[in-house]
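A short write-up of the structure that comes next.
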Protein chains: 2
Amino acid sequence: MTTPKKTLTSADQQLLVFKALADPIRLEIIQYLKQVEHEVACGEVGQAIQISKTSGSYHFKLLAAAQLITTHKVAREKYVSLNLATFERYVTDFYQNI
Amino acid sequence: MTTPKKTLTSADQQLLVFKALADPIRLEIIQYLKQVEHEVACGEVGQAIQISKTSGSYHFKLLAAAQLITTHKVAREKYVSLNLATFERYVTDFYQNI
DNA sequence: AATATAGTTCAAATATTTTTGAACTATTTT
DNA sequence: AAAATAGTTCAAAAATATTTGAACTATATT
């Protein structure tokens, strides 16, 4: 049995998004994910930007909670990619939406 | 004599901007500044969103450091307004610029 | 079956951010 | 000149966020 996922108010998600973006490591992750061509697993990103597995796990969790990335697990590995819809709605369109 | 103002790298300013946006009080301030018609002093904003003078002073300082607001002092009062150029460059255009 | 690999979880330690109240400066009003 | 108003500064306290390593789960390789 899995825990039911909380639906967030849009103000709450807006805050999660900005909090997720307010960290240099997470900005590096996002930058890496934007420029890389192929599908990437967490481990590849971690190596590329030189952080520990534990640290990676923590930061990917926050990015996912903010819905800035989506993830899908294939066997041992967790693939991550940017969720452009969230960027558009909560970053690009932030100013016009408030 | 005034202290020379540090010029920031754009990565540093990007981070300051997201940190400044990563707080509910500061988002309320921004919202208020966007919707209000006339020029506003810090005190008016503080009253509108119910925060203390001290708290206001702290939050306006961070917003100004991120260049999300500009300020000008007239006698006792400090007037604040949104700096749209910063919103455009570091928020609206964030994704395309990284 | 044993070992290696990818990632998570937990709790403790550390670092950073935010809040608070008192004391302060500068200006305005009485 | 005294009192009031707008805002700042400082340091201590409180709250939040991040880092770290050890122990863990699940899958893959030998």
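Nm distances between the label at B:LYS73 and the same-position labels in the remaining copies, 7 Å along Cα→Cβ, shortest first?
Once sorted, the set of distances for B:LYS73 reads 5.8 nm.
Quick check on my link table: of A:LYS19/A:LYS78; B:LYS19/B:LYS73; A:LYS53/B:LYS19; B:LYS34/B:LYS78; A:LYS73/B:LYS19, which ones sit more than 29 Å apart, alpha carbon to alpha carbon?
Working: A:LYS19/A:LYS78 23 Å; B:LYS19/B:LYS73 25 Å; A:LYS53/B:LYS19 25 Å; B:LYS34/B:LYS78 17 Å; A:LYS73/B:LYS19 31 Å.
From A:LYS19/A:LYS78; B:LYS19/B:LYS73; A:LYS53/B:LYS19; B:LYS34/B:LYS78; A:LYS73/B:LYS19, over 29 Å: A:LYS73/B:LYS19.
Just the accessible area per residue of region A:5-66, please: how many Å² with a 1.4 Å probe? Walk me through the numbers before you get to the answer.
Numbers: 3580 Å² over 62 residues.
Normalised by residue count, the accessible surface of region A:5-66 is 58 Å².
Can you list the distances in nanometres, one decimal and ascending, from the B:GLN47 label point to the identical position in each other copy, with the point 7 Å along Cα to Cβ?
Ordered by distance, the counterparts are at 6.2 nm.
Where does chain B land at 222 nm, in deg cm²/dmol rounded to the nearest 500, when only DSSP H runs of n ≥ 4 count, each adding -39500 (n - 2.57), divided by all residues?
The helix contribution divided over chain B gives -15000 deg cm²/dmol.
Using the Karplus equation 6.51 cos²θ - 1.76 cosθ + 1.60 (θ = phi - 60°), what ³J(HN,Hα) coupling, rounded to whole Hz, does each residue of region A:20-32 give in order, writing x for Gly and Pro?
My calculation for region A:20-32 gives 5, 7, 8, 8, x, 5, 5, 5, 5, 4, 4, 4, 4 Hz in order.
Rounded to whole angstrom, how close does the nearest chain B beta-carbon get to the axis mapping B onto A, and which residue is it?
Residue plus distance in Å, as requested: B:ALA22, 2.
Please turn the phi angles of region A:77-88 into ³J(HN,Hα) values with the Karplus equation 6.51 cos²θ - 1.76 cosθ + 1.60 (θ = phi - 60°), one per residue in order, whole Hz, x for glycine and proline.
Per residue, the Karplus-derived 3J(HN,Hα) values read 9, 10, 8, 10, 8, 5, 9, 5, 4, 5, 4, 4 Hz.
In region B:13-54, whose amide N lies under 20 Å from the spot 7 Å out along Cα-to-Cβ of A:ASP12? List them in ranges.
B:22-28
What accessible area, summed over both chains, is buried at the B-A interface (1.4 Å probe, Å², nearest 100)?
1900 Å²
What nm distances, shortest first, do you get from the label point of B:THR7 to those in the other copies when the point sits 7 angstrom along Cα to Cβ?
Label-point distances to the other copies, shortest first: 5.0 nm.
Can you tell me, using C-alpha contacts under 8 Å and at least 6 residues apart, the relative contact order of region B:10-97 as a whole percent?
Value for region B:10-97: 30 percent.
Kindly provide the Kirkwood hydrodynamic radius of chain B in Å, to one decimal, from all pairs of distinct alpha carbon atoms. Numbers along the way, then the final one.
Numbers: mean 1/r = 0.0706 Å⁻¹.
Evaluated on chain B, it is 14.2 Å.
The values are calculated or read from the model by the stated rules, or taken from the named source; none is laboratory data. Predicted, not measured: the structure shown is a model, and the values here were computed from it. Ideal geometry is used to build each Cβ from the backbone, glycine not excepted, and the neighbour counts take in all protein chains shown. Each accessible area value is taken on the protein alone, full model and side chains, heavy atoms only, with ligands, DNA and RNA left out. Shrake-Rupley method; radii C 1.70, N 1.55, O 1.52, S 1.80 Å.
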